[in-house]
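The values are calculated or read from the model by the stated rules, or taken from the named source; none is laboratory data. Since the structure is predicted, the reported quantities are computational estimates derived from the model, not experimental observations. Glycine also receives a Cβ, built like all others from the backbone with ideal geometry; neighbour counts cover every protein chain displayed. Ligands, DNA and RNA are stripped out before the accessible areas are found, and what is left, the full protein with its side chains, is counted by its heavy atoms. Shrake-Rupley method; radii C 1.70, N 1.55, O 1.52, S 1.80 Å.
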Amino acid sequence: KAGVTQTPRYLIKTRGQQVTLSCSPISGHRSVSWYQQTPGQGLQFLFEYFSETQRNKGNFPGRFSGRQFSNSRSEMNVSTLELGDSALYLCASSPSWGAGNTIYFGEGSWLTVV
Amino acid sequence: DQQVKQNSPSLSVQEGRISILNCDYTNSMFDYFLWYKKYPAEGPTFLISISSIKDKNEDGRFTVFLNKSAKHLSLHIVPSQPGDSAVYFCAAIIGNEKLTFGTGTRLTIIP
């Protein structure tokens, strides 16, 4: 069965712009979570959605937002981009929320802010 | 506040020897711990986990040890193989809350 699909895989944006990243979870999975990976910071949790509702939120500024659609697909948006937002953004899906050992990651979206 | 810490950013081990990756945590409420492995250009994949009620879990070449009193867990890989070269993340969770990841350790297996 198809894995977690993230688009786009690579993108370059300019400071001040906004970006939208998309994630399609594994079929049947209803929970989608987002993580930011930067060198030295590991995987930082952004937010988790289950059945179109945000269940958990990490310690990121309000410029980072997300949503989940009725088909479980999710998008995250970063507005007013800063150089420090350059990172790998990973999406993960699981059948239900908080199921750590059944969480499956996508390959990520590499964002470079210049 | 980094609740899950991996103090060694990198580790090099000879092929065939034991690799030991360490992880410390500060929150005594964590009740489940996991290890993920990540290759470049791929997302992390689940490796092995352990409940806080156990002190050891084994799966083939991989064994995770948990020392609750020291708030420390370790991942042992025996014997180490070249394909084990990757970044390893430990993670912890409380109930059904979010996963909290460490900063990762890059393991390099030397042939």
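A few points about this structure:
- The mean number of partner chain beta-carbon atoms within 10 angstrom of a residue's beta-carbon across peptide A:35-47 is 5.
- Comparing mean-square fluctuations of A:GLY58, A:GLY84, A:GLY40 from a GNM of chain A with C-alpha springs under 10 Å, the top value falls on A:GLY40.
- Dimensionless Rg over Rh [the protein assembly as shown; C-alpha; Kirkwood]: 0.97
- Estimated at the nearest 10 Å², the accessible area of B:ASP84 is 0 Å² with a 1.4 Å probe.
- Cα-based Lys pair tally, the protein assembly as shown, threshold under 18 Å, eight or more apart or on separate chains: 10
- Dipole size of segment A:1-58 about its Cα centre, with +1 on Lys/Arg Cβ and -1 on Asp/Glu Cβ: approximately 100 debye, rounded to the nearest 20.
- Between segment B:8-74 and segment B:82-110, the C-alpha centres lie 7 angstrom from each other.
- P(r), alpha carbons of chain B - 5 Å bins starting at zero, rounded %: 2, 13, 24, 26, 20, 10, 4, 1, 0
- From largest to smallest, the equivalent ellipsoid semi-axes obtained for chain A from the alpha-carbon gyration tensor read 22, 14, 13 Å.
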